[in-house]
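Asker: To start, I am sharing the structure in question, which I have written as structure tokens.
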Amino acid sequence: MYNPTDDEIKDLEIIKFQKKIESKYSKDFKDYNEFHLWSCENNQDFWKEVILDNDIVFEGDLENVCKEESFLDYPWFPELKLNFAENLLAKGKDDSIALTLLHESDKKESLSFKELKKEVASFQKYLINLGFKKDDVLACYMPNIPETVISMLSCTSLGGTFTSTSPDFGIDGVIDRFGQSKPKVLVMSAGYEYGGKYFDMIPRVKEITSKIDSIEKVVIVNFLDKEIIKQDHFDLFDEFRFDHELVFEKVEFSH
């Protein structure tokens, strides 16, 4: 069984964080379990320090950590606002790899943080042009590919809500799930491969939109580069490109 060395343990981020807590709060934890106990008994101090130590981008007052410890609502950080997408993108160096796709079709693709931010900014502008705003919902009927992440980041950057399901879901399952969240925009793949076989999803578009009347726009992602006949009831993800500077709508911590 693997056991880390003392030097490896000292280099762990959680141990570095523990030492910062010890210094700031005049503590001397004998081991991790004692530190964990302190975090439970002093959870407001602990979670405030987590936000500060991780350089989370936010605005508002951090001191009022928790109104009450209740399961009936979400009382944490009531005076703080932040944006999920902004924080996911904040620390990535331009030339560092943000996403890598390895698909069973042998398709390979990597995006640097610079490229990812450019893609997110472009799709964000597309959503803005549609009138997409805070609290609107974007749904992805997609495999785990870069365009799914781009859609999520673009949606949440505007304060929207993101929901998704995999393309092997049947139409009834999709309608049941997305019918509850009421998406304004549906992003879906043109098709997907499983076990070497291609499954065309384009014929599903009209049935889904006829059953979920909240959907105002459908965007098709042709990530396997199949031949697609453009139709009026959907846009193609790759047909629009906008030179746009990213903006971030900060929302309540409970959003």
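Asker: Every residue in the stretch 179-224 that is of a type in the set (Val, Ile, Thr) and over 18 Å from Leu236 (Cβ atoms), please.
Answerer: Listed by number, the list holds a single entry, Ile212.
Asker: Say we look at the stretch 99-115 and pick out the residues that are of a type outside the set (D, E, K, R) and within 24 Å of Glu193 (Cβ to Cβ); which of these is most open to solvent (accessible area, probe 1.4 Å)?
Answerer: Filtering first and then ranking leaves Leu102.
Asker: Okay, moving on. Just one of (1) under 24 Å from Lys197 (Cβ atoms); (2) hydrophobic (A, V, I, L, M, F, W, C); (3) open to solvent by 20 Å² or more (accessible area, probe 1.4 Å) trips up Ile145, so point out which.
Answerer: Ile145 satisfies every listed condition except (3).
Asker: A further question follows. Considering only the stretch 188-225, state which residues are under 16 Å from Glu104 (Cα atoms), among the charged types (D, E, K, R) and touching a Leu at 6+ places or on another chain (Cβ under 7 Å).
Answerer: Passing the criteria: only Glu193.
Asker: Name the pairs: first residue in the stretch 216-232 and touching a residue at least 12 places away in the same chain (Cβ under 8 Å), second residue assigned to a strand (DSSP E or B) and open to solvent by 60 Å² or more (accessible area, probe 1.4 Å), Cβ to Cβ under 9 Å, at least 6 apart or on different chains?
Answerer: Close Cβ pairs (under 9 Å, with a partner that is assigned to a strand (DSSP E or B) and open to solvent by 60 Å² or more (accessible area, probe 1.4 Å)) amount to Leu224/Tyr198; Lys226/Tyr198; Lys226/Asp200.
Asker: Still on this structure, please answer the following. Looking at the stretch 172-185, I want the residues that are closer than 24 Å to Asn129 by Cα and have a partner that is open to solvent by less than 30 Å² (accessible area, probe 1.4 Å) and part of a helix (DSSP H, G or I) with Cβ atoms under 8 Å, at least 6 apart or on another chain. Which pairs are those?
Answerer: Partner pairs satisfying both residue conditions: Phe178/Ile208; Val185/Leu127; Val185/Cys155.
Asker: Do we find that Ser122 is in contact with a His (Cβ under 8 Å, 6 or more places away or on another chain) and either among the basic types (Lys, Arg) or at pLDDT 95 or above (or both) in this structure?
Answerer: Taking the combined requirement at face value, the residue satisfies it.
Asker: Go over the candidates Asn42, Asn54, Asn33 one by one and state the one that is open to solvent by 60 Å² or more (accessible area, probe 1.4 Å) and either in contact (Cβ under 8 Å) with a residue 40 or more places away in the chain or farther than 28 Å from Glu249 by Cα (or both).
Answerer: Within the list Asn42, Asn54, Asn33, the selection yields Asn33.
Asker: Here's another thing I want to ask about it. Please indicate, with yes or no, whether at least one residue in the stretch 217-224 is in contact with a Lys or Arg (Cβ under 8 Å, 6 or more places away or on another chain) and within 30 Å of Glu69 (Cα to Cα).
Answerer: Scanning the stretch 217-224 turns up no residue that is in contact with a Lys or Arg (Cβ under 8 Å, 6 or more places away or on another chain) and within 30 Å of Glu69 (Cα to Cα).
Asker: Only one of these is within 25 Å of Ile15 (Cβ to Cβ) and basic (Lys, Arg): Lys48, Lys67, Lys117. Name it.
Answerer: Lys48
Asker: Let me ask another. Among the residues of the stretch 124-169, write down those that are in a loop (DSSP other than H, G, I, E, B) and under 16 Å from the mean Cα position of the chain (by Cα).
Answerer: Lys134, Asp135, Asp136, Met142, Pro143, Asn144, Ile145, Leu158, Gly159, Gly160, Ser166
The values are calculated or read from the model by the stated rules, or taken from the named source; none is laboratory data. As the structure is a computational prediction, the values presented were derived from the model and not from experiment. So basically every Cβ, Gly included, is an ideal-geometry build from the backbone, and we count neighbours across all protein chains shown. All accessible areas refer to the heavy atoms of the entire protein, side chains included, with ligands and DNA or RNA removed. Shrake-Rupley method; radii C 1.70, N 1.55, O 1.52, S 1.80 Å.
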